[in-house]
């Protein structure tokens, strides 16, 4: 009887996802593949308060606003520390939250809606109806 080698070449498809946990934002292998293709080593975080959406803009070089991305050797997914951003949006989740993301080719952004129940006080917008606790603007005292 002759044996035939089964070739496990099934294509594995899933969607890009972000997971927020312990002050970090992680992206799965599918998101990592997209971000690696555009040369991401650092990330800019963009926040749309009205739509309650986050966007990750991949960048190749560090700057004052960039977050360093860590991708373990041999892995396709990665993570970066985002505690300051999560504090800014008043992120409140007692366990990890995984969110589907979409690649916006035209803008070169990985976009994801965040669950309103985990952000500040949810109302019409993410922060509508609550006092802004971000840094107050300096007021000039004048002469």
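The values are calculated or read from the model by the stated rules, or taken from the named source; none is laboratory data. Only a predicted model underlies this, so the values are computations on that prediction, with no experimental measurement involved. Using ideal geometry, Cβ is built from the backbone for each residue, glycine included, and neighbour counts are taken over all protein chains shown.
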*Between a first residue in the range 94-115 that is in contact (Cβ under 8 Å) with a residue 40 or more places away in the chain and a second residue that is in a loop (DSSP other than H, G, I, E, B) and surrounded by fewer than 12 Cβ atoms within 10 Å (Cβ to Cβ), which pairs have beta carbons less than 7 Å apart while being 6 or more apart in sequence or on different chains?*
100/15
_Given the criteria surrounded by 15 or more Cβ atoms within 10 Å (Cβ to Cβ) and closer than 26 Å to residue 116 by Cβ, does residue 42 qualify?_
no
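Are any of the residues in the range 34-46 in contact (Cβ under 8 Å) with a residue 40 or more places away in the chain and assigned to a strand (DSSP E or B)?
Within the range 34-46, one or more residues are in contact (Cβ under 8 Å) with a residue 40 or more places away in the chain and assigned to a strand (DSSP E or B).
Kindly indicate whether any position in the range 58-74 is in contact (Cβ under 8 Å) with a residue 40 or more places away in the chain, touching a strand residue (DSSP E or B) at 6+ places or on another chain (Cβ under 9 Å) and closer than 20 Å to residue 114 by Cα. Spell out how you get there, then give the answer.
First pass over the range 58-74, keeping only residues in contact (Cβ under 8 Å) with a residue 40 or more places away in the chain: 58.
Imposing the further condition that a residue be touching a strand residue (DSSP E or B) at 6+ places or on another chain (Cβ under 9 Å) reduces the set to 58.
Add one more test, that the residue is closer than 20 Å to residue 114 by Cα, and what stays is 58.
Looking through the range 58-74, at least one residue is in contact (Cβ under 8 Å) with a residue 40 or more places away in the chain, touching a strand residue (DSSP E or B) at 6+ places or on another chain (Cβ under 9 Å) and closer than 20 Å to residue 114 by Cα.
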*For the range 83-103, what are the residues that are more than 12 Å from the chain's Cα centre (by Cα) and over 21 Å from residue 65 (Cα atoms)?*
92, 93, 94, 95, 96
_Candidate set: the range 8-33, residues that are part of a helix (DSSP H, G or I) and within 13 Å of the chain's Cα centre (by Cα); chosen: the one modelled with the lowest pLDDT_ = 32
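Considering only the range 70-98, state which residues are out of contact with any helix residue (DSSP H, G or I) (no Cβ under 8 Å at 6 or more places or on another chain) and either part of a loop (DSSP other than H, G, I, E, B) or on the phi > 0 side of the Ramachandran plot (or both). Please lay out each step first, then the result.
As a first pass, look at the range 70-98 and keep what is out of contact with any helix residue (DSSP H, G or I) (no Cβ under 8 Å at 6 or more places or on another chain): 70, 72-74, 79-90, 94-96, 98.
72, 73, 74, 82, 89, 90, 94, 95, 96 - these are the residues of the range 70-98 that are out of contact with any helix residue (DSSP H, G or I) (no Cβ under 8 Å at 6 or more places or on another chain) and either part of a loop (DSSP other than H, G, I, E, B) or on the phi > 0 side of the Ramachandran plot (or both).
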